[in-house]
Amino acid sequence: MPQQSTLAAVDLGSNSFRLQVARVDNEQIYLLDGLREPVRLAAGLTENKLLDKESQHRALACLQRFGERLRGLPREAVRAVGTNSLRVAKNAPDFLPQAEAALGFPIEVIAGREEARLIYLGVAHGLPHAGGKRLVMDIGGGSTEFIIGNGLEPIRLESLYMGCVSYSLRFFPDGKITKSNLKQAELAARSELQTIVSAYRETGWSVALGSSGSARVLCDILELNGYSKAGITRDGLEQLRAELIRVGDVRKLELQGLKSDRIAVLPGGFAIMCAALSELGIEQMLPALGALREGVLYDLLGRFHNHDMRDVTVQQFMRRYHVDRRQAERVAQLSGTFAQQFLEGQSNEAALGLLGWAARLHEIGISVAHSGFHKHTSYILKNADMPGFSKKEQERLSLLTLAQRGNLDKMRGQLFTTFTTEDISLAMALRLATVFYRNRSDVQLPAMQGRFSGTKFHLALQAGWRAQNPLTDTALQEEARQWREWGVSLQVVEG
């Protein structure tokens, strides 16, 4: 992948959309420019988990402005990620193409634990290299991430379904603050935290850090109003609680450090912070400089310097599921060769990389059961936590590995709808590679040359090879029959 001197990250958060542009120098990132708009996407989620028209319009208008700032940057230099609101919105698949058109770049919707990993990466890069474990908490608009890590490596990653926007709307819809609704909000947050408290306390940490808006605003309020000497403390939060209840209306608050665009979401963020400090036994939380967008930048930088987290994840999965590495590499190499031939003049590094990962992981389902292992593989790749991969990438891996063998009827409704021409070429390449290496050994393969045009595949083999390998020849004939039923031609010739 060609290196870039300028990188950009777009964070489509549930509360705010953020753009960060940075300069790269010797594997270091230097921030150049940043934009932030309080889109409040989570506030536009209806009871049926649909993004309403108003929130979509706000989002698209913001992305058009971001798109202007990004204009001229190559596709591989920009990474845009969507978080909780886009994870849960049922109409996100309809909205995302419009959002990508407005921004001018692809948008990846990332899983909660992937969001947590990127947050920690952003925070850790902004800290001195010191020993000891750190707890990082990030209160977003629709979810809150908790990470324990050491140095640049996360140890525990969790994402809980509670955020400053969603809790403010749920418990403080009219902006009124009472002792009763504060208690209800905190109890709800403490209930969510019960799923992680035991494991996190057992792991332990030496310092607690709060990243992103809610933590930073609460820190500013406590320090500037004399409630805390440094950072967020339980005593400081109790003093702030008394003030919130005394005033009784978030719109009437007069607190130093409270920014106008944070007023509406303050009570929700406050309740989640109080619950976290109480349940996890945190005495003091300090503000962190980095956050998700910085993590996205460093993760993107790693892809240009052969430190791609996706490669690490694939290797971990191969170990976890006891993959036959020699067979996986055989299939990866041959399928890659086929794909380059089929996509002559059209192939791109991203597509070939995706095929390589699919080939190396295509047999992980054998660890579940050999019968129908490709279905188990597909399920695992679609639903597992895979650090570095977006939801869309996992779905493509899942479909490719599902299509790797057997009857194509299982792909009904996907082959010519979800699958692009590129995906069909990748699927054909993977299927053919598994056919030629069915005996799982380093056999001497014939010289082969493939091409693809429209819906017609052509594969030329060395003369006389098919007669000497009748099992493979029969498999190739069956492969041609399978594709023919879907209107795709596979012609295998010798010459």
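The values are calculated or read from the model by the stated rules, or taken from the named source; none is laboratory data. These numbers were taken from a predicted model, which means no experiment stands behind them. We place every Cβ from the backbone using ideal geometry, glycine too, and count neighbours over all the protein chains shown.
For the range 190-210, the set of residues classified as in a strand (DSSP E or B) and either more than 28 Å from the chain's Cα centre (by Cα) or among the small types (Gly, Ala, Ser) (or both) consists of Ala208, Gly210, listed by residue number.
When the criteria are applied in full, Leu86 fails the requirement of being in contact with a helix residue (DSSP H, G or I) (Cβ under 8 Å, 6 or more places away or on another chain), farther than 19 Å from Pro106 by Cβ and in contact (Cβ under 8 Å) with a residue 40 or more places away in the chain. Of the candidates Leu430, Leu426, the single residue that is under 35 Å from the mean Cα position of the chain (by Cα) and either under 18 Å from Asp409 (Cβ atoms) or not assigned by TED's automatic domain parsing to the domain that holds Leu397 (or both) is Leu430. Out of all the residues in the range 12-35, is one or more outside the structural domain of Ile263 (by TED's automatic domain parsing), closer than 17 Å to Gly163 by Cβ, in contact with a Phe, Trp or Tyr (Cβ under 8 Å, 6 or more places away or on another chain) and of a type outside the set (Phe, Trp, Tyr)? The answer is no, given that none of the residues of the range 12-35 is outside the structural domain of Ile263 (by TED's automatic domain parsing), closer than 17 Å to Gly163 by Cβ, in contact with a Phe, Trp or Tyr (Cβ under 8 Å, 6 or more places away or on another chain) and of a type outside the set (Phe, Trp, Tyr).
Exactly one residue among Ala124, Ala130 is under 30 Å from Val312 (Cα atoms), at pLDDT below 95, in a helix (DSSP H, G or I) and not β-branched (Val, Ile, Thr), and that residue is Ala124.
Based on this model, can you work out whether Leu182 counts as out of contact with any His (no Cβ under 7 Å at 6 or more places or on another chain) and part of a helix (DSSP H, G or I)?
yes
Of everything listed in (1) in contact with a Leu (Cβ under 9 Å, 6 or more places away or on another chain); (2) assigned to a loop (DSSP other than H, G, I, E, B), the single unmet condition for Glu344 is (1). I'd like to check something: does the range 358-365 contain any residue that is buried (at least 19 other Cβ atoms within 10 Å of the Cβ) and in a loop (DSSP other than H, G, I, E, B)? Yes - at least one qualifying residue is present in the range 358-365. Restricting the range 89-105 to residues that are surrounded by fewer than 19 Cβ atoms within 10 Å (Cβ to Cβ) and without any contact (Cβ under 8 Å) to a residue 24 or more places away in the chain leaves a set whose member that is farthest from Thr46 (Cα to Cα) is Ala101.
Filtered by the rule that a residue be aliphatic (A, V, I, L, M) and within 34 Å of the chain's Cα centre (by Cα), the range 433-477 gives Ala433, Val435.
Considered as a group, the residues in the range 211-236 that are in a helix (DSSP H, G or I) and touching a Leu at 6+ places or on another chain (Cβ under 6 Å) include one that is surrounded by the fewest Cβ atoms within 10 Å (Cβ to Cβ), and that residue is Arg234.
When we screen Val207, Val296 for residues that are among the β-branched types (Val, Ile, Thr) and in contact with a helix residue (DSSP H, G or I) (Cβ under 7 Å, 6 or more places away or on another chain), the only hit is Val296. Just one of the listed residues (Ser335, Ser367, Ser371, Ser390) is of a type in the set (Ser, Thr, Tyr) and either under 19 Å from Gly450 (Cβ atoms) or at pLDDT 95 or above (or both), namely Ser335.
Using the structure shown, decide if Glu108 is in a helix (DSSP H, G or I), touching a residue at least 40 places away in the same chain (Cβ under 8 Å), under 17 Å from Ala8 (Cβ atoms) and under 17 Å from the mean Cα position of the chain (by Cα).
It is false that Glu108 is in a helix (DSSP H, G or I), touching a residue at least 40 places away in the same chain (Cβ under 8 Å), under 17 Å from Ala8 (Cβ atoms) and under 17 Å from the mean Cα position of the chain (by Cα).
Being over 27 Å from the mean Cα position of the chain (by Cα) and surrounded by fewer than 19 Cβ atoms within 10 Å (Cβ to Cβ): is that true of Ala480 here? Against the criterion (over 27 Å from the mean Cα position of the chain (by Cα) and surrounded by fewer than 19 Cβ atoms within 10 Å (Cβ to Cβ)), Ala480 qualifies. Across the range 407-442, the qualifying residues are those that are under 20 Å from Glu329 (Cα atoms) and either in contact with a Ser or Thr (Cβ under 6 Å, 6 or more places away or on another chain) or modelled with pLDDT under 85 (or both), and the one among them that is surrounded by the most Cβ atoms within 10 Å (Cβ to Cβ) is Ala429.
May I ask you to say which residue of Arg246, Arg251, Arg262 is closer than 21 Å to Arg36 by Cβ, assigned by TED's automatic domain parsing to the domain that holds Ser214 and of a type in the set (D, E, K, R)?
Only one candidate passes the filter, namely Arg262.
Scanning the range 16-41 for residues that are outside any strand (DSSP E or B) and at negative phi gives Ser16, Pro38, Val39, Leu41. Among residues of the range 154-168 that are under 24 Å from Phe270 (Cβ atoms), those with a beta-carbon under 6 Å from a residue that is outside any helix (DSSP H, G or I) and among the hydrophobic types (A, V, I, L, M, F, W, C) at least six positions away or on a different chain give the pairs Glu158/Phe146; Cys164/Ile139; Cys164/Val265; Val165/Val265; Ser168/Val265. In the range 440-469, the residues that are under 17 Å from Gly336 (Cα atoms) and touching a residue at least 12 places away in the same chain (Cβ under 8 Å) reach residues that are outside any strand (DSSP E or B) and of a type in the set (S, T, N, Q) with C-beta atoms within less than 6 angstrom, at least six apart or across chains, in these pairs: Pro446/Gln462; Ala447/Gln462; Gly450/Gln341; Phe452/Ser425.
Within 30 Å of Pro97 (Cα to Cα) and either among the hydrophobic types (A, V, I, L, M, F, W, C) or touching an Asp or Glu at 6+ places or on another chain (Cβ under 9 Å) (or both) - does that describe any residue in the range 433-442?
Pass one, the range 433-442, residues within 30 Å of Pro97 (Cα to Cα): none.
Looking for residues that are within 30 Å of Pro97 (Cα to Cα) and either among the hydrophobic types (A, V, I, L, M, F, W, C) or touching an Asp or Glu at 6+ places or on another chain (Cβ under 9 Å) (or both), one finds none in the range 433-442, hence no.
Among the criteria (1) of a type outside the set (Lys, Arg); (2) within 30 Å of Val207 (Cα to Cα); (3) more than 17 Å from the chain's Cα centre (by Cα), the one Gln98 does not fulfil is (2).
Scanning the range 1-58 for residues that are among the polar types (S, T, N, Q) and in contact (Cβ under 8 Å) with a residue 60 or more places away in the chain, which turns out surrounded by the most Cβ atoms within 10 Å (Cβ to Cβ)? Here the residue is Asn15.
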